[in-house]
Amino acid sequence: MKKFKVITDIYFGENALDRLSQLEYKNAFIISDPFVVESGLIRHITRPLDRANIDYELYTDVCADPTTEKVISGIAAAVKVNPECIIAVGGGSAMDLAKSIRKIAQQMDKNFNPRLIAIPTTSGTGSEVTSFSVITDNETHSKIPLASPDMTPDEAILDEVLVKSVPASVTADTGMDVLTHAIEAYVSINNNEFSGALAEKSIEICGQFLYRSYMDNNDAHARRKVHIAACLAGLAFNSASLGLNHGMAHQLGAAFHIPHGRANAMLLPLIIEYNSNINQGSRSRQNYDPCVRKYCNIAHLLGLHGTNEVMTIHSLANYLRFMAEEMSIPMHLNEVLSCTKEEYESHIEEMAVAAMNDACTQTNPRIPTKEEVIAIYKKLW
């Protein structure tokens, strides 16, 4: 028996942030990316809270790839306030930090039980509707995945006004993260009809609106659509999980601090080709792995067609490469890393082992060997 459950109430569309003025809490603890405060975007959050006469404490000690130290200091600050709700405002890092703070603080003190409201300022992670969080251990340079249903935000607010000022490079990286989430959830061994429908819609929206959103910050319609696509993909992988793409991308982020969405974009065509097991003798095969049919469905959603399965898979991989390059995402690590090839390759075996043990890899449609993962990492250079 399977179960599909949406825990989060989602508010979206024009003026979605008005939801904050309807809250009936006495006080709130706002965990925000520093940029949100420095840019003035935080006013979109505080104004409706002021209208509702809700006191709030602003906490901005948030960094990319939040660390265990940040979680500990965040817990101390949150417990001191003892808020009725925590409002996470920002990208995936702010969401991950807020989820971890609430979860661990609750384990320490059962009387600490605030509601969690997630307000994304990037269209990428889908973290506003997922039960996952990733924390970095600075001592081991490893990612620590946390997962529990009670880490899922109680509410999510999707308002495109918060993503209009996002730089084009961030729009590209986070948008490719959305596509990766949707594609991996779609082919995951844990996929189901509900996650599949959500993933399909997310892929379709990205195909139509991601490049438009990248090209024009003021295209409110495109921004709104991609913002929703990110949430749909989050709902999909919250149910179906992900795959090797994320398992390997996590290690690139931990070892070399490559932005997560960019690492996913660089890996995505290679992982599709690997999972499909397409090679020189593929055209003579009678049967293909089940994920090949799903990748072909994805290609059709993106308007791609081939004369057979092999050509369709190649079309999909090449389309994703082309799309990334059109948005100025480098597809090789030698374009973004300052180290030598030898220095990079000295990390590969350790990254391969970590990728094999990553929770996301466990639901990949093809079971990889360490040697295969090493080979993919080498192709990235």
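What the table shows:
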item: Single match in LEU146, LEU162 (criterion: touching a residue at least 12 places away in the same chain (Cβ under 8 Å), among the hydrophobic types (A, V, I, L, M, F, W, C), in contact with a helix residue (DSSP H, G or I) (Cβ under 9 Å, 6 or more places away or on another chain) and over 19 Å from ASP33 (Cβ atoms)); result: LEU146
item: Subset of the range 15-50 (residues that are without any contact (Cβ under 8 Å) to a residue 40 or more places away in the chain and closer than 17 Å to ARG115 by Cβ); result: SER21, GLN22, GLU24, PRO48, LEU49
item: Set ASN190, ASN238: member being open to solvent by 20 Å² or more (accessible area, probe 1.4 Å), touching a Ser or Thr at 6+ places or on another chain (Cβ under 7 Å), closer than 28 Å to LYS70 by Cβ and touching a residue at least 24 places away in the same chain (Cβ under 8 Å); result: ASN238
item: Flag if TYR274 is aromatic (Phe, Trp, Tyr), closer than 25 Å to VAL170 by Cα and not in a loop (DSSP other than H, G, I, E, B); result: no
item: Subset tally (residues that are more than 24 Å from the chain's Cα centre (by Cα) and open to solvent by 70 Å² or more (accessible area, probe 1.4 Å)) for the range 348-377; result: 2
item: Test: residue in the range 172-186 that is more than 14 Å from the chain's Cα centre (by Cα) and more than 17 Å from ALA265 (Cα to Cα); result: no
item: Selected residue (criterion: nearest to VAL134 (Cα to Cα)) from residues of the range 351-381 that are in contact (Cβ under 8 Å) with a residue 24 or more places away in the chain and among the acidic types (Asp, Glu); result: ASP358
item: Test: ARG321 is assigned to a helix (DSSP H, G or I), within 18 Å of GLY175 (Cβ to Cβ) and basic (Lys, Arg); result: yes
item: Selected residue (only one of ASN287, ASN264, ASN275, ASN334 is in contact (Cβ under 8 Å) with a residue 40 or more places away in the chain and more than 22 Å from the chain's Cα centre (by Cα)); result: ASN334
item: Residue tally, condition farther than 15 Å from ILE203 by Cβ and either open to solvent by 40 Å² or more (accessible area, probe 1.4 Å) or modelled with pLDDT of 95 or more (or both), over the range 294-323; result: 9
item: Selected residue (criterion: surrounded by the most Cβ atoms within 10 Å (Cβ to Cβ)) from residues of the range 203-231 that are aliphatic (A, V, I, L, M) and farther than 21 Å from LEU316 by Cα; result: ALA222
item: Candidates VAL310, VAL292, VAL353, VAL373, filtered to the one that is in contact with a Gly (Cβ under 9 Å, 6 or more places away or on another chain), outside any loop (DSSP other than H, G, I, E, B) and among the hydrophobic types (A, V, I, L, M, F, W, C); result: VAL373
item: Any hit, the range 177-186, residues being open to solvent by 10 Å² or more (accessible area, probe 1.4 Å) and out of contact with any Gly (no Cβ under 8 Å at 6 or more places or on another chain); result: no
item: Among (1) outside any loop (DSSP other than H, G, I, E, B); (2) surrounded by fewer than 18 Cβ atoms within 10 Å (Cβ to Cβ); (3) in contact (Cβ under 8 Å) with a residue 60 or more places away in the chain; (4) not acidic (Asp, Glu) - the single one ALA197 does not satisfy; result: (3)
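Yes or no, residue by residue, for (1) in contact (Cβ under 8 Å) with a residue 60 or more places away in the chain; (2) farther than 16 Å from LEU49 by Cα:
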{"residue": "ASN82", "(1), (2)": "no, yes"}
{"residue": "ALA88", "(1), (2)": "yes, no"}
{"residue": "GLY92", "(1), (2)": "yes, yes"}
{"residue": "MET95", "(1), (2)": "no, yes"}
{"residue": "ALA98", "(1), (2)": "yes, yes"}
{"residue": "GLN106", "(1), (2)": "no, yes"}
{"residue": "ASN111", "(1), (2)": "no, yes"}
{"residue": "ARG115", "(1), (2)": "yes, no"}
{"residue": "ALA118", "(1), (2)": "yes, no"}
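Okay, residues lined up against (1) modelled with pLDDT under 90; (2) of a type in the set (Asp, Glu); (3) within 30 Å of GLY196 (Cα to Cα):
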| site | (1), (2), (3) |
| --- | --- |
| GLU14 | yes, yes, yes |
| ILE42 | no, no, no |
| ASP65 | yes, yes, yes |
| GLY74 | no, no, no |
| ALA78 | no, no, no |
| ILE87 | no, no, yes |
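The values are calculated or read from the model by the stated rules, or taken from the named source; none is laboratory data. This structure is a prediction, so every number in the text was calculated from the model and none was measured. Here Cβ is always computed from backbone atoms with ideal geometry, including for glycine, and neighbour counts include all displayed protein chains. The accessibility values were calculated without ligands, DNA or RNA, using every heavy atom of the protein model including side chains. Shrake-Rupley method; radii C 1.70, N 1.55, O 1.52, S 1.80 Å.
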